[in-house]
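The values are calculated or read from the model by the stated rules, or taken from the named source; none is laboratory data. Here the structure is a predicted model, which is why all the values come from computation and not from measurement. Neighbour counts are summed over all protein chains in view; Cβ atoms, including those assigned to glycine, are modelled from backbone coordinates with ideal geometry. The protein model used for the area step is the full one, side chains on, heavy atoms only, and it has no ligands, DNA or RNA in it. Shrake-Rupley method; radii C 1.70, N 1.55, O 1.52, S 1.80 Å.
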Amino acid sequence: MTTTIGILLFEDSEELDFVGPWEVFTMAAQGRDDIRVLTLAESAEPVRCAKGMRVIPDHDLANAPALDILLVPGGVGTRSEADNTELIAWIAKTAGSCTWVTSVCTGSLLLAKAGLTDGKRITTHWGFVPELAKQMPGTTVLSDARYVRDGNLVTAAGVSAGIDMALWLTGQIWGPDHARKTQRLMEYDPAPPYAAVVE
């Protein structure tokens, strides 16, 4: 069975928030035919990201395939997208049929607006922790955590933390050995290195 991973894009999304996990998941897919990674956006037009990178999404939301994993990046664009009722509704609907729902950085704000974090423990970029906690009093927002798992919801702290979260998720789905192989192929050498076990 193929695992389909959808990475949501929007104007002013933070590049490494999605490119880091993209690299992990596409590296994990090498030599396999059961992992598909794609990008999604409201329209098929190129998306201009926070630092100027332009990305052409694989699918618009209206034509997106069914997803097993949804990843929502952060960036300054989340502030305006938090008021995008159509996008928030799509996130809420799509998350309902996903095995895993994930975010990086302030992408957690969009998950929260979609009602996915109520009563749960999450994290976000350290600089946004107080604001998110204020906006979402029914959610426990943790600081000083690279990523937090609560049920099928996995939220990562800022920017590069998405790489660690994606490696952890790779280990959960395809096993720790495959995650370590993926890390080695990436020549990613964090401190501490990947050491998570399947829970």
Legend entry - Summed residue charge, Cβ within 13 Å of A50's Cβ, Lys/Arg positive, Asp/Glu negative: -2
Legend entry - the chain, dipole about Cα centre (Lys/Arg Cβ +1, Asp/Glu Cβ -1), debye to the nearest 20: 360
Legend entry - Extended-chain gain in nm, criterion 0.36 nm per residue less alpha-carbon gap, E86 and K134: 14.9 nm
Inset, instruction - Measure off, as a whole percent, the carbon and sulfur share of the 1.4 Å-probe accessible area of the chain, all protein chains present. - result: 51
Inset, instruction - Kindly count the pairs of lysines across the chain whose alpha carbons are less than 30 Å apart, treating pairs on different chains or eight or more residues apart as eligible. - result: 8
Legend entry - Among beta bridges that DSSP assigns inside the chain, antiparallel share in %, nearest 5: 20
Legend entry - Only Lys, Arg (+1) and Asp, Glu (-1) charged, at Cβ; the stretch 33-102 dipole about Cα centre in debye: 300
Inset, instruction - Order the peptides 17-23, 181-187 from the highest to the lowest mean number of other Cβ atoms within 10 Å of their residues. - result: 17-23, 181-187
Inset, instruction - Quick one: among T117, T106, T85, which has the greatest mean-square fluctuation in a GNM of the chain with alpha-carbon springs under 10 angstrom? - result: T85
Legend entry - Probe 1.4 Å, accessible area per residue of the chain, Å²: 46
Legend entry - Separation of alpha-carbon centers, the stretch 95-158 and the stretch 60-77, rounded to whole Å: 16
Inset, instruction - List, in order, the whole-Hz ³J(HN,Hα) value for each residue of the stretch 52-66 obtained from phi through the Karplus relation with A = 6.51, B = -1.76, C = 1.60 and θ = phi - 60°; use x for Gly and Pro. - result: x, 4, 10, 10, 8, x, 6, 9, 8, 5, 5, 10, 6, x, 4
Legend entry - Of Y147, I91, G115, farthest towards positive along the dipole that unit charges on Lys, Arg, Asp, Glu beta carbons give the chain: Y147
Inset, instruction - Under a 10 Å cutoff between Cα atoms, tell me which one of D164, D12, D177 has the largest fluctuation in the Gaussian network model of the chain. - result: D177
Inset, instruction - Could you grab the relative contact order for the stretch 68-137? Cα pairs under 8 Å, six or more apart, rounded to a whole percent. - result: 36
